[in-house]
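Read the structure below first, then the notes.
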Amino acid sequence: MLSKKKKEINEEYIKSGATKIKDGDLEVAADNQEEISDKIVNSGTLKRYTELGKVMFGMLQDYRKGIYKDVPWFTIASIAFSLLYVLNPMDIMPDFIPGIGYIDDFAVLTFSLRFIETDLHKYLDWKLEENLEE
């Protein structure tokens, strides 16, 4: 549960978490795509991130496959961190707490998107170009 010292989700928390992400964490996030996606879709609080979650998973998958490399590691790490955070049911506010259990997941996704928004737009532009060339 919460430690005596109040944990706070802010930009520094996201940066700190993202800097700890390793290649193996990308595998865990990618391997749990269905579970994470279901959690986002089925949570009223996170539902607004359904489409962005798909884009984040797409970028992560294309990066892992080596077909999209024009992205900073921090962006990939931020995606993995935020998706793994959503996956973890026993985070700062455990997900089973009615009404507030997903607020911290929402905050992590929101702050992460602030860092990676430009790179997500670049990725979507790249995807559009790739589809036009096919």
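Bear in mind these aren't lab numbers, they're just calculated from the coordinates by the rules spelled out. Note that the structure is predicted; figures quoted are calculated from it, not measured. We place every Cβ from the backbone using ideal geometry, glycine too, and count neighbours over all the protein chains shown.
Please work out how much length the chain gains when fully extended from Lys20 to Glu130, using 0.36 nm per residue of separation minus the C-alpha to C-alpha distance, in nm with one decimal.
Answer, rounded to one decimal: 36.4 nm.
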note = Tilt, helix 33-42 to longest principal axis of the chain (alpha-carbon atoms), in degrees rounded to tens, equals 60 degrees
query = With each pseudo-label sitting 7 Å past Cα toward Cβ, what's the Lys122-Lys47 distance in nm, one decimal?
reply = 3.4 nm
task = Filter the cross-link list Lys69/Lys122; Lys22/Lys65; Lys47/Lys69 down to pairs whose alpha-carbon distance in this structure exceeds 18 Å.
result = Lys47/Lys69
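Which order do the peptides 73-79, 26-32 take when ranked by the mean count of other beta-carbon atoms within 10 Å per residue, highest first? Intermediate values should be presented prior to the final figure.
On the way: 73-79: 21.9, 26-32: 16.3.
Top to bottom by mean Cβ count within 10 Å: 73-79, 26-32.
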ask   = With axes computed from alpha carbons, what is the tilt in degrees of helix 50-65 against the longest principal axis of the chain, rounded to the nearest 10 within 0 to 90?
value = 60 degrees
